[in-house]
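Below is one structure, written out as structure tokens; the observations come after it.
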Amino acid sequence: MTPAGRIAAFVLLTAAAAAAALWATRETLRPRETPQEIGLRWLKDEYHLDTATFEKVSALHRDYFRQCDNMCRQINEADRPLLWRARHQARTPGDFDAQLARDHRVCADCEKAATEHLRQVAALMPAAQGRRFLQDILPVMQQQRRQHDQNLPSSTRR
């Protein structure tokens, strides 16, 4: 290879490496969508929401996810009665029942809030799209609840 060819190859390889480094840097620094943003984008595309409806739905979602985050925090901070035997020998069965009832109430409140939120979203959509939305989403939520209940040990079911 001639010296001019070597210089040309070096310049091309350097330019390719610089382009690859630039692309990698931009991809790394690019903001990522949150799961909520992905879900909202899917909702807009799937149910053909216009801009005004989408903005109302987005506002509802922001309010709901603040409430949902709080309920999730309560669930995560719950004093798990099934672990009491290993951690606290002095607790009574009444304590167990009371804590289990509180945990079930938090879960039921969470499920009720989610269902109400979905109904509010559906009410913002055109009637046919709202019905389809609820027919698509509510069975999934109910199936998740059934799966959750099946995963609980039989001694905790009431």
Given (1) among the β-branched types (Val, Ile, Thr); (2) at pLDDT 90 or above; (3) open to solvent by less than 70 Å² (accessible area, probe 1.4 Å), number of the condition Ile7 does not satisfy: (3)
Counted residues in segment 45-69 being open to solvent by less than 90 Å² (accessible area, probe 1.4 Å) and in contact (Cβ under 8 Å) with a residue 24 or more places away in the chain come to 9
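In this structure, is Ala128 modelled with pLDDT of 90 or more, on the phi < 0 side of the Ramachandran plot, surrounded by 10 or more Cβ atoms within 10 Å (Cβ to Cβ) and assigned to a helix (DSSP H, G or I)? Let's see the steps before the verdict.
On the way: modelled with pLDDT of 90 or more: yes; on the phi < 0 side of the Ramachandran plot: yes; surrounded by 10 or more Cβ atoms within 10 Å (Cβ to Cβ): no; assigned to a helix (DSSP H, G or I): yes.
Considered against the rule, which asks whether it is modelled with pLDDT of 90 or more, on the phi < 0 side of the Ramachandran plot, surrounded by 10 or more Cβ atoms within 10 Å (Cβ to Cβ) and assigned to a helix (DSSP H, G or I), Ala128 comes out as no.
Whether any residue in segment 111-118 is open to solvent by 40 Å² or more (accessible area, probe 1.4 Å), at pLDDT below 90 and not hydroxyl-bearing (Ser, Thr, Tyr) is what I want to check. Give the steps one after another, and end with the answer.
Quick first cut of segment 111-118, residues open to solvent by 40 Å² or more (accessible area, probe 1.4 Å) only: 111-112, 116.
Now restrict to residues that are at pLDDT below 90: 111.
Pick out the ones that are also not hydroxyl-bearing (Ser, Thr, Tyr) and you get 111.
Scanning segment 111-118, I find at least one residue that is open to solvent by 40 Å² or more (accessible area, probe 1.4 Å), at pLDDT below 90 and not hydroxyl-bearing (Ser, Thr, Tyr), so the answer is yes.
Being out of contact with any helix residue (DSSP H, G or I) (no Cβ under 6 Å at 6 or more places or on another chain) and either modelled with pLDDT of 90 or more or open to solvent by less than 80 Å² (accessible area, probe 1.4 Å) (or both), is that true of even one residue in segment 70-79? Lay out the reasoning, then the answer.
Quick first cut of segment 70-79, residues out of contact with any helix residue (DSSP H, G or I) (no Cβ under 6 Å at 6 or more places or on another chain) only: 70, 72-73, 76-77.
Keeping just the survivors that are either modelled with pLDDT of 90 or more or open to solvent by less than 80 Å² (accessible area, probe 1.4 Å) (or both) gives 70, 72.
Yes, some residue in segment 70-79 is out of contact with any helix residue (DSSP H, G or I) (no Cβ under 6 Å at 6 or more places or on another chain) and either modelled with pLDDT of 90 or more or open to solvent by less than 80 Å² (accessible area, probe 1.4 Å) (or both).
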Selection count where residues are in a loop (DSSP other than H, G, I, E, B) and more than 21 Å from the chain's Cα centre (by Cα), scope segment 45-56: 2
Could you please find all residues in segment 2-32 being assigned to a helix (DSSP H, G or I) and among the basic types (Lys, Arg)? Arg6, Arg26
Of the residues in segment 38-75, those that are among the charged types (D, E, K, R) and in contact with a Ser or Thr (Cβ under 8 Å, 6 or more places away or on another chain) come to none
From the list Ala24, Ala59, Ala20, which residue is on the phi < 0 side of the Ramachandran plot, more than 32 Å from the chain's Cα centre (by Cα) and at pLDDT 85 or above? Ala20
Out of all the residues in segment 33-44, is one or more exposed (fewer than 12 other Cβ atoms within 10 Å of the Cβ), assigned to a loop (DSSP other than H, G, I, E, B) and without any contact (Cβ under 8 Å) to a residue 24 or more places away in the chain? yes
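The values are calculated or read from the model by the stated rules, or taken from the named source; none is laboratory data. Please read all numbers here as calculations on a predicted model, not as lab measurements. Note that each Cβ is placed from the backbone with ideal geometry, even for glycine, and that neighbours are counted across all protein chains shown. Heavy atoms of the whole protein, side chains included, go into the accessibility calculation; ligands, DNA and RNA do not. Shrake-Rupley method; radii C 1.70, N 1.55, O 1.52, S 1.80 Å.
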